[in-house]
Amino acid sequence: MKTILKNYSSIILLLIGITIGSLIGLFLPNVVEYIKPIGDIFLNLLFVAVIPLLFFAISSAIANIESNGKLGKILGVMTSVFVVTIAIAAVLTIVGLWAFPVTAIKDASAISETISTNPEDSWGDKIVRFVSVGEFVNLLSRQNILAFVIFSFLIGISVRKSGEVGKPFLNFLLAGNEVMQNLLTIIMKLGPIGLGAYFAYQVQTLGPELFGFYAKPLAFYYIFGTVFFFVIYSLYSFIGNGKSGIKNYWRFNITPSLTAVSTCSSLATLPANLLAAKKMGIPNYIASVVIPLGNTLYKNGSSISSILKIYVAFAILDWNFFEPTTLITAVGITLLVSMVAGGIPNGGFIGEMLMISIYGIPNEAVPAIMIIGALVDPLATILNATGDTVAAMLVTKFSGEKIFSNETELETSTEM
């Protein structure tokens, strides 16, 4: 019993905090406004820490990979894993909706969301803003997280090209990465209180809406998404490392999952994912590349919600969703949506804008698309965030690398 309490004490405390937060959100909603600031402070600590963490984790991992050939292979395999598994999620969702059709009820009283965009912007302009910024200081904002990831990636490559001259800078990156890992360990000790407070807010805010006009589509998402979470991720874990892969994935995925559902933020879950990947035995030089990039570019939850939103819009407009061209286009849109969805709570509407633009969806269906996106956010974030570690397992497998099984091997991998 003492061993169990020692190994799982942090998870037990998180569960206690979230349970108390849920009860407060359900039965003492008037108290939520007083405790929500505690959750905001915790979330802000994570967001502030995650920027330097990304820089040191990505740059040091890229700079420390032993050969250009290995780096190219990892990136190639990672891209293939991302694209194929996101497409699998989209296709399975289409099959699920065909087998279990849901009828969306149009809510005439729904509050219409405002899409923040410049009508003169081309899609090229939007892409430029998504992957780059005009001033260095703008890189430090989590609103420009992909541009920052790309910059960190290029720094790592530059250190590699600098050879012996760049050794002191490489040592700085490695030391910084270690320091940031320890900082995140300290911050996560505040998790039971911070996540509990934020979870109270989530329950109080979203709880009543889940039983309104969107009950059937939401029921489909939460049931299908839960099955996908346990079955498909277990399958991917098995492919990545056999039975031990399944065991380690679910053993160490609890904290990231609780963080994701409490914060509704993939970015806030990233630190917990990196710590979990290390415990799962995923080599550091793979986890530090795949997980940060996956945080922005790899989103199974967004893939499932994208298909569902298109389906609901078509149902409202009485259009045929299961026409072959529509389905092929839907999978293509889903791949793009999953790679541009933001890693922050209630991120931008770029994916919805793309969907509306391509299909020519009229205004009457737009509120449904936006509202569904908000209401599925908790489970979507779990699928988005925790998929990064299982993707790292698959990349390790298909790159011909080894998932380690003990602390000695892990230390060796960290030094590579």
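The values are calculated or read from the model by the stated rules, or taken from the named source; none is laboratory data. Model, not experiment: these values are computed from the prediction. Cβ sites come from the backbone with ideal geometry, for glycine too, and all protein chains shown count toward neighbours. Side chains included, ligands, DNA and RNA excluded: accessible areas come from the protein's heavy atoms. Shrake-Rupley method; radii C 1.70, N 1.55, O 1.52, S 1.80 Å.
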(request) List the number of the failed condition for Phe238; all other conditions in (1) within 25 Å of Ile307 (Cα to Cα); (2) hydrophobic (A, V, I, L, M, F, W, C); (3) at pLDDT 95 or above hold. (result) (1)
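Conditions tested, residue by residue: (1) open to solvent by less than 10 Å² (accessible area, probe 1.4 Å); (2) farther than 22 Å from Val390 by Cβ.
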| site | (1), (2) |
| --- | --- |
| Pro37 | no, yes |
| Val50 | yes, no |
| Ala63 | no, yes |
| Leu71 | no, no |
(message) Can you pull out every residue in the range 76-93 that is within 13 Å of Ala330 (Cα to Cα), among the β-branched types (Val, Ile, Thr) and crowded, with 20+ Cβ neighbours inside 10 Å?
(response) Ile86, Thr93
(request) Taking Ala215 as meeting all but one of (1) modelled with pLDDT of 90 or more; (2) more than 29 Å from Leu45 (Cβ to Cβ); (3) open to solvent by 10 Å² or more (accessible area, probe 1.4 Å), write down the number of the exception. (result) (1)
(request) Give me the pairs, please: first residue somewhere in the range 266-281 and of a type in the set (Lys, Arg) and assigned to a helix (DSSP H, G or I), second residue anywhere and open to solvent by 10 Å² or more (accessible area, probe 1.4 Å) and modelled with pLDDT of 90 or more, beta-carbon distance under 6 Å, and either six or more positions apart or on two chains. (result) Lys279/Phe252
(message) I'm trying to understand the selection: among the residues of the range 293-339, which are within 30 Å of Phe151 (Cβ to Cβ) and not in a helix (DSSP H, G or I)?
(response) Tyr298, Lys299
(message) Among the residues of the range 243-261, are any within 19 Å of the chain's Cα centre (by Cα), in contact (Cβ under 8 Å) with a residue 40 or more places away in the chain, outside any helix (DSSP H, G or I) and within 24 Å of Ser399 (Cα to Cα)?
(response) yes
(request) Residue by residue through the range 286-313, note down the ones that are open to solvent by 10 Å² or more (accessible area, probe 1.4 Å) and among the aromatic types (Phe, Trp, Tyr). (result) Tyr311
(request) Looking only at the range 61-80, decide whether some residue is closer than 19 Å to Ser141 by Cβ, at pLDDT 85 or above and more than 18 Å from the chain's Cα centre (by Cα). (result) no
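Is there a residue in the range 16-35 that is closer than 19 Å to Ala276 by Cα and at pLDDT 80 or above?
no
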(request) Go through the range 161-195 residue by residue and tally those that are in contact (Cβ under 8 Å) with a residue 40 or more places away in the chain, over 30 Å from Ile12 (Cβ atoms) and of a type in the set (Gly, Ala, Ser). (result) 2
(request) Considering every residue within the range 268-280, establish whether at least one is among the β-branched types (Val, Ile, Thr), crowded, with 22+ Cβ neighbours inside 10 Å and at pLDDT 90 or above. (result) no
